[in-house]
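In what follows, a structure is listed as structure tokens, so that the remarks can point back to it.
Bear in mind that the values in this text are calculations on the coordinates, not laboratory data. On a predicted model such as this, the values are computed, not experimentally measured, just so you know. Here the Cβ positions follow ideal geometry from the backbone for every residue, glycine too, while neighbour counts run over all protein chains shown.
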Amino acid sequence: MTETGSPSLSSTPGVIPYVEWHTGPRRTLTVGLTTGNSVVGKKYRPIVSVDGRQYVVVWGPVTFEAPADRNVHLSVHLEGDIVGQVASLLLPPSGQDLRFRYETHYNTGVGTLTPDPGPQA
């Protein structure tokens with residue numbers, strides 16, 4: 001629990017904590033980071049931003065803690081000679097944990113973030 005009694009997810013293994021000031025309820029955002037380009041996968045690491053805080057992560061699923069009671073900005077990009085493959089979403093308040101899939105698209109130069117329903121039963 002946080003000082004105000006809100007449950008904190010940051011003690012959950014594998015969840016990157018939300019480090020900005022926030023005392024309200026939390027949710028998780030899981031982003032499956034993919035690229036169909038094997039050269040890109042070996043050369044670059046994706047950069048995920050949650051409310052402007054950047055995290056250099058590895059390809060595959062990554063889970064972040066985020067506020068549930070307000071909008072949250074989620075973006076992903078690759079950085080090398082230039083910043084590219086940018087995808088960005090403004091998420092409305094929600095008590096639900098959310099999953100997204102990030103994909104690179106080198107034919108357009110723009111990445112995509114789409115809702116991911118998760119593993120199918």
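Laid out as a table, the results:
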{"quantity": "Extension gain (nm, one decimal) between L90 and T63, 0.36 nm per residue minus Cα-Cα", "calculated": "8.0 nm"}
{"quantity": "Cβ charges +1 (Lys, Arg) and -1 (Asp, Glu), total dipole of the chain, debye", "calculated": "240 debye"}
{"quantity": "Within a Gaussian network of the chain (alpha carbon springs, distance under 10 Å), most fluctuating of I82, I47, I16", "calculated": "I82"}
{"quantity": "Gain upon complete extension [V110, Y55; 0.36 nm per residue less C-alpha separation]", "calculated": "17.9 nm"}
{"quantity": "Evaluated over the range 31-76, the Cα radius of gyration and Dmax, each in Å", "calculated": "12.0, 39"}
{"quantity": "Relative contact order (%) - criterion: Cα under 8 Å, at least six apart; region: the chain", "calculated": "25 percent"}
{"quantity": "Residue-count net charge about A68 - beta-carbon cut-off 12 Å; Lys, Arg +1, Asp, Glu -1", "calculated": "0"}
{"quantity": "222 nm mean residue ellipticity, helices alone, for the chain (DSSP H n ≥ 4; -39,500 (n - 2.57); rounded to 500)", "calculated": "-1000 deg cm²/dmol"}
{"quantity": "Built amide H within the under 5 Å cut-off of R26, gap 5+", "calculated": "A68"}
{"quantity": "As computed over the range 1-115, the Cα convex hull volume per residue (Å³)", "calculated": "95 Å³"}
{"quantity": "Extension reserve of the E20-V83 stretch, reckoned as 0.36 nm per residue once the Cα distance is removed", "calculated": "20.2 nm"}
{"quantity": "The range 47-121 - Debye-derived log10 I(q)/I(0), Cα point model, q = 0.12, 0.18 Å⁻¹", "calculated": "-0.35, -0.76"}
